[in-house]
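Read through the structure below, which is laid out as structure tokens, and then see the notes.
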Amino acid sequence: MNYHQYYPIDVVNGPGTRCTLFVSGCVHQCPGCYNKSTWRLNSGQPFTPALEDRIIADLQDTRIPRQGLTLSGGDPLHPQNVPDILRLAQRVRAECPGKDIWLWTGYIIDELSPRQREVVDLINVLVDGKFVEALKDPALIWRGSSNQVIHHLR
Ligand code: SF4
């Protein structure tokens, strides 16, 4: 997996203070996408074991308490990203008790493959669906367009 940005402290992409990872790779090609530079899987830089360890350490950091981890992109559920995202989510569950995971995807929850569902089974909140420019509404919280759904899973 490649990624574009990692923010160790973020108060914009999800509730509370968070760690946020924007991964590379998205097949959805939504017109009006705010993050076109992330579409290519090989854009950005490699997601390394060192960065994975850093994210876990940041979530465990008691000096700046984080509510949880945000996974966005690009699309964290792009099939080629799923193995790394799954491992990261498993580690957060095992090593960062009490931290939540929010994940944004262009897929719809009902169309996910069994492998993608393994990730969804580990997260707290899934915001799903493509961005639809005609349904764009700046008043929406955590969503760009009104077709997208915030699924509180646990
Ligand atoms: S799913 Fe998100 S990143 Fe992918 S094209 Fe649509 S708006 Fe852009």
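What follows is calculated from the coordinates using simple rules that are stated; it is not laboratory data. Predicted, not measured: the structure shown is a model, and the values here were computed from it. Cβ coordinates were reconstructed from backbone atoms using ideal geometry, including for glycine residues, and neighbour counts include every protein chain displayed.
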Test set (1) surrounded by 16 or more Cβ atoms within 10 Å (Cβ to Cβ); (2) within 16 Å of the ligand (Cβ to nearest atom); (3) closer than 18 Å to ARG143 by Cα; (4) β-branched (Val, Ile, Thr) - VAL82 fails condition number: (3)
3 or more residues closer than 22 Å to LEU153 by Cα and β-branched (Val, Ile, Thr): qualifying helices (runs of 4 or more DSSP H) within region 27-134: 82-95
Cross-chain or 6+ apart pairs with Cβ under 8 Å, region 114-126 first and more than 12 Å from PRO79 (Cβ to Cβ), then surrounded by fewer than 19 Cβ atoms within 10 Å (Cβ to Cβ) and aromatic (Phe, Trp, Tyr): none
Residue that is surrounded by the fewest Cβ atoms within 10 Å (Cβ to Cβ) [pool: residues in region 18-45 that are in contact (Cβ under 8 Å) with a residue 24 or more places away in the chain, more than 10 Å from the ligand (Cβ to nearest atom) and over 16 Å from the mean Cα position of the chain (by Cα)]: ASN42
Meets criteria (over 17 Å from LEU77 (Cβ atoms), among the β-branched types (Val, Ile, Thr), within 14 Å of the ligand (Cβ to nearest atom) and surrounded by fewer than 16 Cβ atoms within 10 Å (Cβ to Cβ)) for VAL132: yes
Candidate set: region 135-154, residues that are within 14 Å of the ligand (Cβ to nearest atom) and in a strand (DSSP E or B); chosen: the one farthest from PRO97 (Cα to Cα): LYS136
Among (1) within 14 Å of the ligand (Cβ to nearest atom); (2) buried (at least 16 other Cβ atoms within 10 Å of the Cβ) - the single one LYS99 does not satisfy: (1)
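Quick one: is ASP110 acidic (Asp, Glu) and either within 15 Å of the chain's Cα centre (by Cα) or closer than 20 Å to TYR6 by Cα (or both)? I'd like the intermediate steps shown before the answer.
Details: acidic (Asp, Glu): yes; either within 15 Å of the chain's Cα centre (by Cα) or closer than 20 Å to TYR6 by Cα (or both): no.
Considered against the rule, which asks whether it is acidic (Asp, Glu) and either within 15 Å of the chain's Cα centre (by Cα) or closer than 20 Å to TYR6 by Cα (or both), ASP110 comes out as no.
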